[in-house]
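Data first, discussion second: the structure below is written as structure tokens.
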Amino acid sequence: MSDLGPGEIEPVDEVKRSFLKKTSLFLGAVGAAGVGVPLLGYLSPNKSTKEAGKPVTIDVSSMKMGEQKTVLWRSKPVWVIRRSAEMLASLSLTSAFLKDPDSAVDQQPDYARNAERSVRPDFLVLLGVCTHLGCSPTYRPEPKSVDDSWNGGFYCSCHGSKFDLAGRVYKNMPAPINLEVPPYHFMDDNTLVIGDSGSG
Ligand code: FES
């Protein structure tokens, strides 16, 4: 209950005003810090994200002809396939049925823009992600295992896209372009490094 008369104004309490000012500045700083920490956390990749982006090294010395290995790189599957002479011969058989047989679309490093889409013909390295909607196709190396004209390759059962044994897409498929070849190099005859083109 105020003792002020009509028209009188309560005198300013300097101590109270100073306290309120300091309190609001403090709360503002706390609020800003609270917003800033999650933002910084969002903008800085965490340890597992950094790890996932690192090159992956694989020993391919024990891989048999036709064998497939799958590794994760940047949280995506990467296939390594050891191709036999018969598998390589199938590439020229399927060329006429492919949408981009010469790899004109930029879906591979320059060193894999060749008939086999690879550094070494006997090893194929592909990102195992369909270029239609991102399913992971299955490896079907056996001739006629998908249809009568099938010479082996990758089949995406999601919507029926077909790729040959170099990851080249057939004509008139839902997938618009060839499977991607990631950067990679051979450190030596038996060691493959995925995610790094190397110096040469
Ligand atoms: S995601 Fe492969 S055909 Fe649709």
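All of the numbers you see were taken from the coordinates with simple rules; none came from a lab. Just so you know, these numbers come straight off a predicted model, no measurement behind them. Cβ sites come from the backbone with ideal geometry, for glycine too, and all protein chains shown count toward neighbours.
In this structure, residue 179 does not qualify as surrounded by 20 or more Cβ atoms within 10 Å (Cβ to Cβ) and assigned to a strand (DSSP E or B).
Pairing residues of the range 149-175 that are closer than 16 Å to residue 127 by Cβ and near the ligand (Cβ under 7 Å from one of its atoms) with residues that are part of a loop (DSSP other than H, G, I, E, B) and hydroxyl-bearing (Ser, Thr, Tyr), at Cβ distances under 7 Å and at least 6 apart in sequence or on separate chains, gives 175/131. If only one of 145, 118, 75 is more than 16 Å from the ligand (Cβ to nearest atom), on the phi > 0 side of the Ramachandran plot and hydroxyl-bearing (Ser, Thr, Tyr), which one is it? Going through 145, 118, 75 in turn, the sole match is 75.
Flag set for residue 118, criterion: buried (at least 19 other Cβ atoms within 10 Å of the Cβ) and outside any strand (DSSP E or B).
Restricted to the range 121-142, and to residues there that are more than 17 Å from residue 106 (Cα to Cα) and near the ligand (Cβ under 9 Å from one of its atoms), the residue that is surrounded by the fewest Cβ atoms within 10 Å (Cβ to Cβ) is 134.
Only residues that are in a helix (DSSP H, G or I) and either under 23 Å from residue 185 (Cβ atoms) or within 19 Å of the chain's Cα centre (by Cα) (or both) were counted across the range 62-107, and they come to 3.
Filtering the range 79-105 to residues that are among the charged types (D, E, K, R) and touching a residue at least 60 places away in the same chain (Cβ under 8 Å) leaves 83, 99, 100.
Only one entry in 199, 136, 145 is over 18 Å from residue 97 (Cβ atoms), part of a loop (DSSP other than H, G, I, E, B), of a type in the set (Ser, Thr, Tyr) and without any contact (Cβ under 8 Å) to a residue 40 or more places away in the chain, namely 199.
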